[in-house]
1. Do you know which residues across segment 179-197 are surrounded by fewer than 19 Cβ atoms within 10 Å (Cβ to Cβ) and either within 20 Å of the chain's Cα centre (by Cα) or free of Cβ contacts under 8 Å to residues at least 12 places away in the same chain (or both)?
2. Condition first: in a helix (DSSP H, G or I), at pLDDT 75 or above and more than 23 Å from the chain's Cα centre (by Cα). Now tell me which residues in segment 118-139 satisfy that.
3. Being at pLDDT 80 or above, in a loop (DSSP other than H, G, I, E, B) and either surrounded by 19 or more Cβ atoms within 10 Å (Cβ to Cβ) or assigned by TED's automatic domain parsing to the domain that holds residue 27 (or both) narrows it down to one residue among 75, 87; which is it?
4. Being at pLDDT below 70 and not in a helix (DSSP H, G or I) is the filter here, so list the residues in segment 92-117 that pass it.
């Protein structure tokens, strides 16, 4: 699937349409999504528009708009996680970018996901992955858990592949990156070029430092 690259005017149009479906309460409260939702857990979805028929999770769009980046700036193998544990919330202040492992660990902390696999099943998951019997998503379907849970146990076993370049930045470089963003020395895309990493890696470390500008636009 090809990434959606939006011109600024199209992104502005998406933002105007998006925020019509958001109940913006206090800055520290959850902002419920009032548009289309999944029947199981209430996660919001919205079409990208602009000639595209794609649907995307509302939380992912909320964070992309708040950071002023294209919807696909955060690729599909990164998660938009909730600090509030409310899947229907789209308050950017409650959202952060994480890997499958981050998402799985969050599920564990909140009492979800990991415990569904017995010790023998965990060993079977690792063995199946080593035999190239499927992706984390396919193995999740096979064992009745999420792909994030599979990724968690693969990482624990030391066999999960790294899927981003975030470790290329030293602690000093991460601090420099955050400081440069806070000083307004460039967009996430410009900083990615400057530090010679991917855009999602810049977004990841800015989110970790709680440095992303999440001021929403009317």
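The values are calculated or read from the model by the stated rules, or taken from the named source; none is laboratory data. Bear in mind the structure is a predicted one, so any value in this text is a computation, not a measurement. Note that we place each Cβ from the backbone using ideal geometry, even for glycine, and neighbour counts take in every protein chain shown.
1. Answer for segment 179-197, where residues must be surrounded by fewer than 19 Cβ atoms within 10 Å (Cβ to Cβ) and either within 20 Å of the chain's Cα centre (by Cα) or free of Cβ contacts under 8 Å to residues at least 12 places away in the same chain (or both): 179, 183, 184, 185, 186, 187, 189, 190, 193.
2. Scanning segment 118-139 gives 121, 122, 123, 124, 125, 126, 127, 128, 129, 130.
3. Matching residue, one of 75, 87: 87.
4. 110, 111, 112, 113 - these are the residues of segment 92-117 that are at pLDDT below 70 and not in a helix (DSSP H, G or I).
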